[in-house]
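To keep things clear, I will list the structure first and then write my remarks on it.
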Amino acid sequence: MADPTLSEVLAQARCVVCVGQGGVGKTSTSAALAIEAARQGRRTAVLTIDPARRLANALGLPEIGNIEREVPKAAFEAAGLEAPEGKLTALMLDIKQAWDEVVDSYHPDPERKQRLLQNRLYEAMSSALAGSQEYMAMEKLYQLSTRTEDRLDVIILDTPPANHAVDFLEAPSRMLDALDNDATRWLLEPYERRRGIASRIFDAGSGLFIRTISRFTGTELLEDLAELLSGFQGMFQGFRDRAAAVRTILAAADTSFVVVSTPSESGLVDARAFRDRLRERQLRVGSVVLNRATPAPFLAGEAPAPEALARALASTPELAARLEALAMERAEEALAHREAAEELALETEGCAVVAVPQLPRDVHDLEGLERLRQGLFAPPPQR
Ligand SMILES: Nc1ncnc2c1ncn2[C@@H]1O[C@H](COP(=O)(O)OP(=O)(O)O)[C@@H](O)[C@H]1O
Ligand SMILES: [Mg+2]
C-alpha cells in the first residue's frame, strides 16, 4: 500500500504530537499543521511551548497564554489569505499558571491547597522542577481532549526541545517520582507528626538526601520544603491517573507523532533515532518532516532571472562564474536533501516523509506560516 500523504495523516488524527530537537521548526510546524487542519474544516486547537512568543506573533495574536484564544478569521483576511473554515484556537503553556490550575482543580483539601499555593518555594518549584513542562503539557492535553463542552476535532501538540524521543514521554513520571520518592516521604514523616524537622535532620540515622541538602540550606528552608511536599499529599494518585490516561491517548490509533528534523547528516541521524524510539514503543509515526531543505535553485517553469541580473552577469564573467558555482553547489545540496528524504521514505513504511524547503525568511507571521504550510502539503515536484 502506498504511504499516506501528510494531509491524510492529519485528516485521520485526533491528536498530533510534534517532536524533535530544539530549533528544528516544531513550533512553526505545529502552527502550520493546525492551520491546515482548520482548513480541512475541523475544530482545531494548537498547544505550543514557545516562551519566545514567536508563535503568538506569527498567528497574529497579541498574546497567548494558558487560556485558549481563537485565531480570528480577520487575521487571515488582513494577511490576504483565505480564512480556514474550521475554528482555530491556540494556547501557549505557561508552567506556573498550569500548576496553579492543576492544584486549584484537583487539590482535595482547601486549607492545604491555600498553604501550598502560598508556600515560598512553590513558585520556584513549579518552573524549576525537571519534567515540569512535559508534565504540564500532558495535563493540558488531558484537559483539552476530555472536555465535553466545545469539543475539539483535533489537537496539535508542540513539545519542548528534546534530545531523545522518549524524553517527552518519560519526563512526567520522572518528575512525579522525584516529588513522591522515599526521600521526600522521609522528610514528610516528622513534619506530619509535628515533631519539628530539625531534630530529625541531625539524627545520626538521617538519610543522605537530607544530610546533603541541609548542608546547603537552612532548616527554615527545609521546613518550607517539607510543607511544600506535604501540600501535594492527596494529589499524587490524581497526577498518576491522568498521566496514565494521557499515555493511553498517545498510544491510540488516532494519535500520530510527527518527527521534525533537518535534512543535514546529523538531522537525519536524529530523525531516524526519534522514529525508531517511538516505534519501539508502538507509537504511530505519521510523518517525518525534514524542515529547511535546500530548495532546488531552478524549478521547471520558474521565471528567468530578471533582465537586470542577466545584464550584470553578461558583463561580469567573474560574477557569472561565481553564481554558476554557487548554483551548482546548491543543486547538489538540494539533490542530497531530496535523496535523503526519498531514502527515508523507502525505509519508513506507512509514514509521510516530507522535505520542506528553507524559506527566505523566518516564520514570523501568517504569511510565513502559509508558505510553510504549502511546503508541508504541496504535492512533490514532477521529476
Ligand atoms: N522552513 C523554514 N524556513 C525558514 N525558517 C524557518 C523554517 N522553519 C522554521 N524556521 C525558523 O526557525 C526558527 C526555529 O523554529 P521553531 O518553529 O521555533 O523551532 P522549534 O520549535 O523546533 O524550536 C524560527 O525562527 C522559525 O521562524
Ligand atoms: Mg519550539
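Between LEU309 and ASN163, what is the label-point separation in nm under the 7 Å Cα-to-beta-carbon projection?
The modelled label-to-label distance comes out at 4.2 nm.
Assigning unit charges at the beta carbon (Lys, Arg +1; Asp, Glu -1) and nothing else, what dipole magnitude in debye, to the nearest 20, does the chain show about its Cα centre?
So the magnitude is around 700 debye.
Run the dipole for the range 95-157 about the Cα centre, Lys and Arg Cβ at +1, Asp and Glu Cβ at -1, nothing else charged, and hand back the magnitude in debye, nearest 20. Before the final figure, lay out each step's value.
Values: 8 positive and 11 negative charges, 44 e Å.
It works out to roughly 200 debye.
Calculate the dipole size of the range 48-89 relative to its Cα centre from +1 charges on Lys and Arg beta carbons and -1 charges on Asp and Glu beta carbons; express the result in debye to the nearest 20.
Values: 5 positive and 7 negative charges, 27 e Å.
Dipole of the range 48-89, to the nearest 20 debye: 120 debye.
Could you calculate the contour length gain from GLU332 to ALA2, that is, 0.36 nm times the residue separation minus the distance between their Cα atoms, to one decimal place in nm?
Roughly 116.0 nm would be gained on extension.
Please report the equivalent ellipsoid semi-axes of the chain, computed as sqrt(5 x eigenvalue) of the Cα gyration tensor, largest first, in whole Å.
Largest first, the chain gives 48, 23, 20 Å.
So, in nm, how far is label ARG272 from label ALA320 when the simple model puts each one 7 Å beyond its Cα toward the Cβ?
Here the modelled spin labels are 4.3 nm apart.
Only helical DSSP H runs with n ≥ 4 go in: add -39500 (n - 2.57) per run for the chain, normalise by residue count and round the 222 nm mean residue ellipticity to 500 deg cm²/dmol.
Values: 18 runs with 211 residues, N = 383.
Taking each H run of at least 4 residues, the total per residue is -17000 deg cm²/dmol.
Quote the FRET efficiency, to the nearest 0.05, computed for GLN237 versus GLU170 with a Förster distance R0 of 22 Å and r equal to the Cβ-Cβ distance. Working shown, then result.
Values: r = 20 Å, r/R0 = 0.90.
With R0 = 22 Å, the Cβ-Cβ based efficiency is 0.65.
According to the square roots a ≥ b ≥ c of the eigenvalues of the Cα gyration tensor, what is the shape class of the range 117-168, taking rounded for a/c under 1.5, prolate for a/b larger than b/c otherwise, and oblate for the remainder?
Details: a/c = 3.94, a/b = 1.34, b/c = 2.95.
Oblate shape, in that a/c is at least 1.5 and b/c is the bigger or equal ratio.
Percent relative contact order of the range 1-95, based on C-alpha pairs within less than 8 angstrom and at least six residues apart?
Details: 121 pairs, mean separation 29.0, N = 95.
Answer for the range 1-95 is 31 percent.
With a 10 Å cut-off between alpha carbons and a GNM built on the chain, which of THR48, THR294, THR148 moves the most?
In the Gaussian network model the winner is THR148.
By how many nm would the segment from ARG14 to ALA74 lengthen if fully extended, with 0.36 nm per residue of separation less the alpha-carbon distance?
19.0 nm
Within straight cross-link reach of LYS73, meaning Cα distance under 21 Å, which lysines are found once same-chain residues fewer than 8 apart are removed?
The reachable lysines, counting only those whose Cα sits under 21 Å from LYS73, are LYS87.
Test of understanding: in a Gaussian network model of the chain with alpha carbons linked when under 10 Å, which of ALA75, ALA98, ALA341 would top the mean-square fluctuation ranking?
With Cα springs under 10 Å in the chain, the top fluctuation among ALA75, ALA98, ALA341 is at ALA75.
Considering the chain as a Gaussian network with a 10 Å cut-off on Cα pairs, which listed residue, GLU347, GLU139, GLU227, attains the greatest mean-square fluctuation?
GLU347
Cβ neighbours within 10 Å, averaged per peptide: list 325-335, 55-65 in order, most packed at the top. Kindly include the intermediate steps, with their values, before the conclusion.
Numbers: 325-335: 13.3, 55-65: 17.8.
Per-residue mean Cβ counts within 10 Å order the peptides as 55-65, 325-335.
For the chain, with the dipole built from +1 on Lys and Arg beta-carbon atoms and -1 on Asp and Glu ones, taken about the Cα centre, which of GLY231, ALA52, VAL363 lies farthest toward the positive end?
Of the candidates, GLY231 comes out farthest on the positive side.
Counting only Cα atoms, I'd like the Rg/Rh figure for the range 1-41, Kirkwood definition for Rh. Provide the component values of the computation, followed by the final result.
Details: Rg = 11.3 Å, Rh = 11.2 Å.
Radius of gyration over Kirkwood radius for the range 1-41 works out to 1.00.
Here, each number is a calculation from the coordinates, and none is a lab measurement. Remember, it's a predicted structure, so these values are computed and weren't measured experimentally. As a convention, Cβ positions derive from the backbone with ideal geometry for all residues, glycine included, and neighbour counts pool all protein chains shown.
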